[in-house]
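Below is one structure; the comments refer to it alone.
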Amino acid sequence: MAAVMAVDRGWELQAIKGIDAATPAPPNLLRLSRRPRTDAVDTSPLTIDVAAHTHCVLVEMHDAEPQPAQDEAAQVLQIDLNLAPGATLQHLRVIAPAHEARVDHRIRVRIDEQAHYHQLLIASGGLRHLQGTEIELASAGAAAQMAAVLFAADAALEQQVSIVHAAADTHSSVETLVLASGRARAAVAAQTRIAPGAADAQARQRLAGIPTGGQPQLALRPHLQINHDQVQAAHGATWGALPQDALFYAQQRGLDEPAARRLIIEGMALAVLERAMQPQQRDAGDGSDRDESELLQTLGVAARLHGAVARHLSASPDARSMEHDDD
């Protein structure tokens with residue numbers, strides 16, 4: 001059963017009852033979807049306040065759907081999220097517009113004391129595609145985890161992440177995996193600022209890219225600005241092909257090279273998303289890994305990831321040339 005919570009210009013927010021979950025108190029599920037449009041540009045600011053000590057799951061599934069020709073001009077979305085003390089929001093986003101679309105999505109998040117925000121992003125498609133997130137860790141104990149798997153093929157795709165540690169004992173993590181092929185131009189910029197007085201803050205950035213065919217261009221820009229001594233912070237960026245030993249091992253198990261590549265990449269991508277679903281601090285063996293994996297399965301995120309990997313690899317120049325050779 002679904003009840004419409006809010007309808008903004010071009011977007012619909014629904015509360016879905018009866019989510020299956022193994023936990024005694026299942027989270028509240030919200031679903032944000034795009035409504036059919038007749039005008040060219042969609043500008044739709046939307047504000048969502050998560051009440052204190054509430055656990056919510058916000059799901060966005062933006063697929064390529066038949067629209068009037070002028071509607072392909074631009075898709076603009078801005079969401080302002082405010083997490084009250086002790087709140088938890090798991091934000092699952094699958095963005096796959098038509099190839100001709102221009103996408104500009106911006107998420108702004110303010111996180112209060114002991115509140116936790118988890119964003120999982122799977123983004124592909126669009127002629128020009130921008131995903132931006134700004135997060136303020138406003139009070140002690142606030143935490144944010146960002147994970148993204150980006151697919152760029154013969155198009156421009158950019159992710160911008162900005163996080164401010166404005167209080168002590170705050171935690172943040174940013175992890176992005178980019179798959180790029182053809183003449184794609186992909187850029188990921190992650191900036192984390194630890195303000196003066198933010199003692200015991202912990203910040204981590206991990207950016208990685210894998211070329212899957214053609215001659216893509218990729219820029220990975222992790223950046224930390226640290227204005228306090230008593231903190232833990234680390235960042236890194238890697239760009240390169242899949243490990244040959246992993247491919248060799250998979251092929252030894254009877255898989256051909258395309259199937260082995262698909263299996264390895266899908267496993268890497270799913271691991272990125274699952275890590276962002278887990279609490280920053282948890283007890284070993286508490287079942288968190290299983291619960292979060294089941295949630296991704298229940299909401300269809302794992303299936304969407306599987307399809308995105310398969311489509312990207314099948315459309316890469318190397319894959320097309322292999323199919324031509326087989327003919």
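The values are calculated or read from the model by the stated rules, or taken from the named source; none is laboratory data. Since the structure is predicted, the reported quantities are computational estimates derived from the model, not experimental observations. Heads up, the Cβs are rebuilt from the backbone with ideal geometry, glycines too, and the neighbour counts pull from every protein chain shown.
Of the residues in the range 177-198, none is of a type outside the set (Gly, Ala, Ser), surrounded by 18 or more Cβ atoms within 10 Å (Cβ to Cβ) and at positive phi.
Considering the range 229-247, the residues that are modelled with pLDDT under 95, touching a strand residue (DSSP E or B) at 6+ places or on another chain (Cβ under 8 Å) and not in a strand (DSSP E or B) include one that is nearest to Ala167 (Cα to Cα), namely Gly240. In the set Ala167, Ala203, only one residue is modelled with pLDDT of 95 or more and outside any loop (DSSP other than H, G, I, E, B); that residue is Ala203. For the range 150-184, filtered to residues that are over 19 Å from the mean Cα position of the chain (by Cα) and not small (Gly, Ala, Ser), the residue that is farthest from Ser314 (Cα to Cα) is Asp169. Within the range 185-206, residues that are touching a residue at least 24 places away in the same chain (Cβ under 8 Å) and closer than 30 Å to Ala152 by Cβ have Cβ atoms under 8 Å from residues that are of a type in the set (Gly, Ala, Ser) and not in a strand (DSSP E or B) in these pairs: Arg185/Ala155, counting only partners at least 6 apart in sequence or on another chain.
Would it be correct to say that Glu100 is outside any strand (DSSP E or B) and charged (D, E, K, R)? Answer is yes for this residue.
Counting only residues that are more than 15 Å from Ile194 (Cβ to Cβ) and of a type outside the set (A, V, I, L, M, F, W, C), which one in the range 127-138 is surrounded by the fewest Cβ atoms within 10 Å (Cβ to Cβ)? By that ranking, first place goes to Arg128. Looking at the range 125-139, can you tell me whether even one residue there is farther than 21 Å from Val59 by Cα, in a loop (DSSP other than H, G, I, E, B) and either among the hydroxyl-bearing types (Ser, Thr, Tyr) or without any contact (Cβ under 8 Å) to a residue 12 or more places away in the chain (or both)? Yes, that holds for at least one residue. A count restricted to the range 248-300 and to residues that are small (Gly, Ala, Ser) and at pLDDT 85 or above stands at 6. Taken together, the residues in the range 215-228 that are more than 30 Å from Ala167 (Cβ to Cβ) and surrounded by fewer than 17 Cβ atoms within 10 Å (Cβ to Cβ) amount to 3. Considering (1) more than 19 Å from the chain's Cα centre (by Cα); (2) modelled with pLDDT of 85 or more; (3) among the polar types (S, T, N, Q); (4) within 27 Å of His306 (Cα to Cα), the lone condition that Gln90 does not fulfil carries the number (1).
The lone criterion from (1) free of Cβ contacts under 8 Å to residues at least 12 places away in the same chain; (2) in a strand (DSSP E or B) left unmet by His223 is number (1). Of all residues in the range 299-323, those that are in a helix (DSSP H, G or I) have Cβ atoms under 6 Å from Cβ atoms of residues that are at pLDDT below 90 and of a type outside the set (Val, Ile, Thr), 6 or more apart or on another chain, in Ala302/Leu296; Leu313/Ala319.
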